[in-house]
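For reference, the structure is listed below as structure tokens.
The values are calculated or read from the model by the stated rules, or taken from the named source; none is laboratory data. This one's a predicted model, so the numbers in the text were calculated from it and none came from an experiment. For neighbour counting, all protein chains shown are included, and Cβ atoms are generated from backbone atoms with ideal geometry for every residue, glycine included. To get the accessible areas, we keep the full protein, side chains included, count just its heavy atoms, and leave off ligands, DNA and RNA. Shrake-Rupley method; radii C 1.70, N 1.55, O 1.52, S 1.80 Å.
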Amino acid sequence: MKSKLIALAAVAVFTTLGARAYAHHSFAATYLEDQEMSIEGDLVQFLYRNPHSFVHVMAPDPKTKDTVRWAVEWGGGGQLGQQGVTRETLKPGDHVVITGSPGRNVEDHRLRMRTIFRPKDGWRWGGTVD
């Protein structure tokens with residue numbers, strides 16, 4: 001009986017770990033990792049959460065020059081917290097300059113964060129996150 005419980009527990013652990021690994025997507029499927037672009041605009045929303053945080057910025061579309069809402073994918077709250085970024089770090093209205101990998105579908109106006117800079121006080125972040 002004890003060996004059956006141990007085997008059942010082992011199956012549960014491996015199933016959970018396998019599901020987590022399977023659920024994590026590839027950034028290369030969503031973003032052009034070999035390219036980089038920059039946007040500059042005003043932050044409208046900062047979603048500090050797991051598994052990925054998002055920064056939403058109103059900035060010009062490079063082709064049309066119309067102002068559009070960009071969704072910039074960043075690391076999870078836990079990872080960012082270890083690097084000194086908190087929920088309070090960015091506020092709506094902050095003017096920011098962001099560089100990142102563009103999304104594969106240009107109409108989506110998405111980036112994967114590489115760097116962010118807030119000119120008013122010189123705050124910047126540049127690092128790696130999953």
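Structure values in brief
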item	result
Checking Gly41 against (1) in contact with a Lys or Arg (Cβ under 8 Å, 6 or more places away or on another chain); (2) part of a strand (DSSP E or B), the condition it does not meet	(1)
Failed criterion for Asp61 (all others in (1) open to solvent by 40 Å² or more (accessible area, probe 1.4 Å); (2) at pLDDT below 95 hold)	(1)
The stretch 114-129 residues that are under 21 Å from Gln35 (Cα atoms) and open to solvent by 40 Å² or more (accessible area, probe 1.4 Å), paired with ones that are of a type in the set (Gly, Ala, Ser) and modelled with pLDDT under 95 (beta carbon under 7 Å, 6 or more apart)	Arg114/Gly126; Thr115/Gly126
Filter result for Phe27 (among the aromatic types (Phe, Trp, Tyr), open to solvent by 60 Å² or more (accessible area, probe 1.4 Å) and at pLDDT below 95)	no
Residue list for the stretch 104-130, restricted to those being assigned to a strand (DSSP E or B) and modelled with pLDDT under 95	Gly126
For Ala71: the one exception among (1) open to solvent by 30 Å² or more (accessible area, probe 1.4 Å); (2) touching a residue at least 40 places away in the same chain (Cβ under 8 Å)	(1)
Of residues in the stretch 64-86 being of a type in the set (D, E, K, R) and assigned to a loop (DSSP other than H, G, I, E, B), the one modelled with the highest pLDDT	Asp66
